Structure formats: structure tokens, C-alpha cells
Amino acid sequence: MTPVDRIPYSTQSITEADIAAVVATLQSPFLTQGPAVGAFEDALVQLHAAGHAVAVCNATAALHIACMAMGLGPGDRLWTTPISFVASANCARYCGAEVDFVDIDPVTRNLSPLALAEKLAQAERDGTLPKIVVPVDFGGLPCDMAEIRALADRYGFRILQDASHAVGAQYQGRPIGGLADVTVLSFHPVKIVTTGEGGAALTDNPELARAMRLLRSHGVTRDSAEISTPDEGGWYYEQVTLGYNYRITDLQAALGTSQLSRLPELWQRRDALARRYDEMLAGLPLLLPARCADRQSAHHLYTIEIDPKRSNVSRRAVYDALQTDGIGVNVHYIPIHLQPDYRRLGFAAGQFPAAEEYYRRALTIPLYPALSDAQQDRVVASLTRVLG
Ligand SMILES: *Cc1c(COP(=O)(O)O)cnc(C)c1O
């Protein structure tokens with residue numbers, strides 16, 4: 001089989017207009033710290049109905065500075081879901097805080113608001129309440145933000161929504177910006193839109209936005225309102241806190257703005273492909289991604305589970321069969337608490353049974369805008385052969 005015939009599980013969609021946008025920036029005075037970053041942030045604010053957007057070099061950096069801006073530090077706790085990329089949990093450890101997990105809802109595969117409520121009630125009794133909870137919009141399906149917000153109001157934690165999968169998703173008829181204290185997006189090439197590497201933090205809170213802008217660039221400011229001796233001279237800047245170089249370049253931002261202009265059509269193709277999978281896979285012994293009436297998934301991932309009640313074919317067998325057929329299936333995710341670096345902290349198998357059960361049977365099959373109907377038919381035929 002030639003590489004051309006291989007179907008990846010995901011890949012970026014790059015047009016001539018995207019290329020032209022990057023080339024125009026290459027020929028402009030600014031490769032970084034120029035006008036393209038602000039334009040990209042404006043587009044993100046518009047599309048997600050958020051007050052502010054702070055674009056950075058990747059979503060991991062956005063999670064880190066969001067935690068810092070919300071004051072997370074040693075002695076604090078951050079809770080997230082085990083079914084996510086490791087970055088959703090690691091951000092707490094960068095700040096010297098402790099991580100714990102909340103089990104998933106087996107239908108949405110997102111952090112379960114019920115499990116969260118139970119764990120919070122216990123933590124209140126034990127005096128171990130979290131400072132930040134990180135719900136992750138798994139596969140692009142927004143979390144139960146109304147329930148999580150009600151719990152945040154009752155127990156006093158902040159919500160850091162990891163919406164790395166959910167660029168362009170809708171919740172209760174509105175875009176996902178502003179539902180959390182901070183909402184993080186990723187622009188890695190496998191995600192909904194790309195900047196090569198890139199991420200952003202959205203917030204309605206001007207203080208958090210200001211803090212994240214400082215942290216993104218060394219904690220350095222030239223803003224006369226923020227420096228101690230504003231009359232020093234035009235060259236003058238001050239480092240007012242310890243920050244990082246987490247900046248995104250103008251080249252990346254120009255690509256991102258161009259990509260965002262196609263978001264509706266990219267979403268429509270993903271939605272059409274997801275509906276086709278829903279129909280074509282309905283007869284197989286599989287659990288398919290949930291569709292919820294009050295929210296619209298961004299369809300980042302199409303993750304199936306082999307239903308143990310209707311099939312005894314192992315996930316490993318299905319994975320191997322599809323790989324042999326040239327289909328790039330993947331698994332999202334190995335539960336974070338089972339990673340060796342987390343087991344070292346004391347986590348163990350059996351602690352989050354719904355997440356572990358989901359992991360045993362989960363498989364992500366190809367879904368990206370350039371996937372053709374014929375390629376999708378090949379994926380379905382391969383699944384039907386191994387499971388039928
Ligand atoms: C991709 C991803 C990240 C990290 O994104 P980067 O931009 O690669 O740093 C974080 N959380 C989730 C849920 C992701 O899928």
C-alpha cells in the first residue's frame with residue numbers, strides 16, 4: 001500500500017488563501033509582535049463571543065498562564081478529567097499545585113457533573129476543595145457548563161474550560177466563550193483550525209486578560225499605567241512579574257485568521273461526515289459519540305467504543321485490523337492518572353472506573369474536512385469486516 005492510500009485519523013486543511021496570508025506576512029515588516037496577532041485575537045473574540053482573547057504559542061502555555069493568572073500555587077488543588085491530553089492536568093503541577101481527577105459521564109465522556117458534586121461535598125467535609133476545575137470538551141462536545149457553574153458558585157472554585165477540541169462549538173445556542181472564567185483553545189494541526197502550533201485563552205474578565213498578557217511576554221510592560229516611573233523615557237519598560245516567552249508569531253496568527261474565516265464550512269463538512277458515520281455504523285456493536293439537544297459538537301474526534309454486551313472483539317484487534325487496512329485509527333486518551341508520572345504521585349488503576357472502562361474499548365476513527373465519502377466508506381467497510 002502506498003502512503004497516498006493511507007487515511008490518517010486527522011489532518012489539517014490548508015488552502016491557497018492560507019498560504020497567501022502567510023506569504024504576505026513574510027513580506028511585511030513584522031514576523032512577530034506585529035498587527036497579525038491582534039487581528040487573530042479579534043477574530044477569536046468575535047467567533048466565540050468572549051470579552052478578550054490572549055493568543056499564545058500553544059494551548060499548554062495558555063493553560064499554564066490561566067492557572068497563574070487565577071493565583072494557583074503550592075497548597076492549592078486543581079481537578080480535571082482523566083480522559084484528556086496530559087496538558088489539562090500538568091498545568092497545575094507547573095504551578096506547584098496538586099492534581100486530582102473527577103470520573104467521566106459514560107455517555108458524553110466529559111467530566112461528570114454528578115461525580116463532581118459528590119467529590120466536592122466530600123472535599124468540603126475534608127477541607128480539600130479545589131481552587132480550579134478544568135472541564136474538557138471531549139471530542140468537541142461542550143461540557144455541562146450550567147451544572148458546573150452552579151457548583152462553582154456554591155463551592156467557590158474557578159472554571160478553566162479546556163476547549164482545545166471545541167473551536168466553533170455551541171452551548172445552549174451560543175458560542176463557548178465566556179461560559180468559564182477562562183476558556184482555552186488549541187491550534188495544533190490535528191485540531192479544528194491550525195496555526196502550526198498555537199493556542200489562546202478567552203475570558204470576559206479584564207483583570208485575568210491583563211495578567212495573562214503580561215505572563216505571555218516575560219511579565220514585561222510598557223503601559224504607563226502599570227510602571228513605577230512612567231516619565232523615564234520612550235525606551236523604558238518594566239518587568240512587573242515573572243513571566244515567560246509564550247508569544248505566538250505573526251506568521252502563525254495570519255494563518256489562524258485565514259483558517260478561522262472558513263470555520264463554518266469546515267464545521268459543516270465535519271458534521272456531515274459525523275452524521276454519515278452515525279447512520280452507517282448504527283448496525284454494528286458500537287457506542288457512538290453522544291448528540292445532545294442543547295449543544296453542538298465541534299466534531300474534533302469521532303470516537304467509537306466496542307460495546308462489550310454485543311461483541312467480544314477486542315479493541316486491540318479492531319485497532320490492528322484497521323491499521324493493516326491503511327486506516328490511521330488512534331486512541332483518545334490513555335487515562336492521565338494511569339501514566340507512570342501520575343502513578344508515581346499515588347494514583348492507581350480502579351480509582352476512576354468509568355474512565356478506565358471507556359479507555360478499554362475506545363477507538364478514534366478518521367474525521368477531518370478533506371476525508372472523502374469514498375474514504376469514509378473504506379473505514380466503515382474495514383470496521384464491518386472485523387466486527388460484523
Ligand atoms: C491538544 C490538546 C492540548 C494541548 O494543546 P497544544 O496546543 O498542543 O499545547 C491540551 N488539552 C487538550 C484536551 C488537547 O486536546
Exercise. Among the residues of region 80-92, is any within 15 Å of the ligand (Cβ to nearest atom) and surrounded by fewer than 17 Cβ atoms within 10 Å (Cβ to Cβ)?
Worked result: yes
Problem set entry | Among residues of region 280-304, those that are over 16 Å from residue 380 (Cβ atoms) and touching a Leu at 6+ places or on another chain (Cβ under 6 Å), counted | 1
Problem set entry | Conditions (1) more than 16 Å from the chain's Cα centre (by Cα); (2) among the hydrophobic types (A, V, I, L, M, F, W, C); (3) surrounded by fewer than 24 Cβ atoms within 10 Å (Cβ to Cβ); (4) over 22 Å from residue 175 (Cβ atoms); number of the one not met by residue 57 | (1)
Exercise. Taking residue 305, is it over 15 Å from residue 371 (Cβ atoms), of a type in the set (Asp, Glu) and part of a helix (DSSP H, G or I)?
Worked result: no
Problem set entry | Hits in region 6-44 (condition: buried (at least 17 other Cβ atoms within 10 Å of the Cβ) and not in a loop (DSSP other than H, G, I, E, B)) | 7, 18, 21, 22, 25, 36, 37, 40, 41, 43, 44
For this session: Give the residues of region 205-219 that are open to solvent by 10 Å² or more (accessible area, probe 1.4 Å), touching a strand residue (DSSP E or B) at 6+ places or on another chain (Cβ under 8 Å) and within 21 Å of residue 253 (Cα to Cα), sorted by residue number.
Result: 213, 214, 216, 217, 218
For this session: Look through 241, 257, 229 and report the one residue that is in a loop (DSSP other than H, G, I, E, B), more than 16 Å from residue 58 (Cβ to Cβ), touching a residue at least 24 places away in the same chain (Cβ under 8 Å) and open to solvent by 20 Å² or more (accessible area, probe 1.4 Å).
Result: 241
Exercise. Looking only at region 95-117, which residues are among the hydrophobic types (A, V, I, L, M, F, W, C), within 20 Å of residue 153 (Cα to Cα) and under 19 Å from the mean Cα position of the chain (by Cα)?
Worked result: 101, 102, 111
Exercise. Can you tell me which residues in region 211-221 are in contact with a helix residue (DSSP H, G or I) (Cβ under 7 Å, 6 or more places away or on another chain) and either farther than 30 Å from residue 15 by Cα or away from the ligand (no atom under 16 Å from the Cβ) (or both)?
Worked result: 211, 212, 215, 221
Exercise. So how many residues does region 315-340 have that are within 30 Å of residue 98 (Cα to Cα), in a loop (DSSP other than H, G, I, E, B) and not aromatic (Phe, Trp, Tyr)?
Worked result: 5
Exercise. Which ones in region 355-375 are out of contact with any helix residue (DSSP H, G or I) (no Cβ under 6 Å at 6 or more places or on another chain) and in a helix (DSSP H, G or I)?
Worked result: 355, 356, 357, 358, 359, 360, 373, 374, 375
Exercise. Here are 276, 291: which of them is charged (D, E, K, R), modelled with pLDDT under 95 and open to solvent by 10 Å² or more (accessible area, probe 1.4 Å)?
Worked result: 291
For this session: Count, please, the residues in region 121-140 that happen to be surrounded by fewer than 24 Cβ atoms within 10 Å (Cβ to Cβ) and in contact with a strand residue (DSSP E or B) (Cβ under 9 Å, 6 or more places away or on another chain).
Result: 4
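The values are calculated or read from the model by the stated rules, or taken from the named source; none is laboratory data. Source: prediction; values computed, not measured. Note: ideal-geometry Cβ built from the backbone for every residue, glycine included; neighbour counts use all protein chains shown. Side chains included, ligands, DNA and RNA excluded: accessible areas come from the protein's heavy atoms. Shrake-Rupley method; radii C 1.70, N 1.55, O 1.52, S 1.80 Å.
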